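Everything on this sheet refers to the single structure shown next.
The numbers here are math on the coordinates, done by the rules we state, and not lab data. Fair warning: this is a prediction, and the values are worked out from it, not measured in the lab. All Cβ positions, glycine included, derive from the backbone under ideal geometry; neighbour counts span all protein chains shown.
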Amino acid sequence: MFKSLNAIQSAIVEVGITRPKLVLVGALIVTIVLLVALVLRVTVDTDPENMLSSSHPVRVLNNSIAEEFGAKNMLVLGIVDDEGVLNRARWPTPPGWWRTSKRWTVWNPRE
């Protein structure tokens, strides 16, 4: 059995030495075929919703909002301020709320 393996190895080495261009072209063809086969199996999903599991709270909330308003696409609004968007001194007090130390507290007339 080892004699046949040695004969195969010797034949492969001899082909590599006597015909190096043929070996390189063959390796290139095999590489291209394998890469094409792999690329055809790749699927690209750029929907951020599919990056979360179906039971994730953010995805559940997003689905409920889409059902309620009848729209799949959402609008994102960006706010820019030189002093910072999270500057509490620039925020007006919402009606029905009051400020305690560093938090907003909602006023509940039933309490």
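Descriptive notes on the structure:
- Packing, as the average of other Cβ atoms within 10 Å across residues, places the peptides 12-18, 75-81 in the order 12-18, 75-81, highest first.
- Projected area averaged over orientations for the range 4-78, convex hull of C-alpha atoms, nm²: 11.2 nm²
- Debye, to nearest 20: dipole size of the range 1-54, +1 on Lys, Arg Cβ, -1 on Asp, Glu Cβ: 560 debye
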